[in-house]
Amino acid sequence: MESALVVLSGGQDSTTCLYWALTRFGAGSVETVTFDYGQRHQIELDCATRVAARAGVAQTVLPIDTFAALEGNALTDGNIAVRDGADAQTGLPNTFVPGRNLIFLTFAAALAYPRGIRHLVTGVAQTDYSGYPDCRQTTLQALEHTLRLGMAYELTIHAPLMFQSKADTVRLARDLGALPALADTHTCYNGIQPPCGECPACVLRARGFAEAGIPDPVVERFRERPS
Ligand code: ZN
């Protein structure tokens with residue numbers, strides 16, 4: 001039977017992809033991997049663990065502390081504030097961690113290999129997003145090719161959200177029955193719950209739910225039970 005490994009960050013997109021994988025491969029054939037890479041907020045890891053538990057799937061947490069030793073980006077360097085908009089030199093937001101998705105997927109492949117898992121699932125998308133070059137379809141196709149060659153193993157990388165708008169992703173989550181799980185997800189760059197509602201990540205998330213005409217379960221959760 002075919003099985004899948006989902007890269008689960010604790011965010012809205014990877015959680016939606018987990019439910020996509022459960023539908024596609026079946027409940028007993030899906031597991032998750034979460035990377036502890038020195039991200040600014042422990043809350044992301046806690047969310048990923050809650051999402052995996054709710055879905056009843058196994059989760060492996062792999063530490064990658066190398067990113068924290070690299071400077072210059074706002075996701076892992078606590079001295080740098082998250083800025084809206086693109087850097088004048090790189091044309092990218094300062095939340096870009098160079099090579100992050102390449103490394104995540106390579107480690108995911110290394111985890112999948114001994115387990116006989118041939119499908120990797122990632123929530124990256126090239127629409128509506130910040131323009132991270134490692135989230136593009138061409139990058140993933142090239143990486144899939146590289147991994148097949150480098151591991152002599154027929155792996156397939158799935159990115160079900162690649163060409164979906166944020167609103168499409170919200171509708172997909174609804175259709176997959178993933179909305180209750182989205183109450184456990186974390187998006188805010190400021191790492192607070194309830195989410196700040198003002199950072200670029202919060203604004204993008206709110207816009208997607210608004211366009212889909214569906215209330216954000218995380219907002220609803222804190223409205224009902226403020227903390
Ligand atoms: Zn925020």
The answer for the net charge of residues other than Gly116 whose Cβ lies under 14 angstrom from its Cβ, with Lys and Arg +1 and Asp and Glu -1, is -1
Contact order relative to length for the chain, counting C-alpha pairs under 8 Å separated by 6 or more residues, stands in percent at 22
Listed by chain and number, the residues whose amide H is under 5 Å from that of Val33, excluding neighbours fewer than 5 places away on the same chain and using placed H, are Val6, Val7, Leu8, Thr60
Put +1 on the Cβ of every Lys and Arg and -1 on every Asp and Glu Cβ in the stretch 96-227; which of Ile192, Thr169, His119 then has its Cα farthest towards the positive end of the dipole? His119
Distant-in-sequence amide H partners of His158 (H built 1.01 Å from N, under 5 Å): Leu120, Val121, Thr122
Given the DSSP H assignment, sum -39500 (n - 2.57) over each helix run of at least 4 residues in the chain and divide by its residue total; what's the result at 222 nm in deg cm²/dmol, nearest 500? -13000 deg cm²/dmol
Tell me, in nm to one decimal, what length is gained between Leu149 and Leu70 on full extension, where the rule is 0.36 nm per residue of separation less the Cα-Cα distance? 25.6 nm
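Taken together, the values in this text are just the output of simple stated rules run on the coordinates, not laboratory data. These numbers were taken from a predicted model, which means no experiment stands behind them. All Cβ positions, glycine included, derive from the backbone under ideal geometry; neighbour counts span all protein chains shown.
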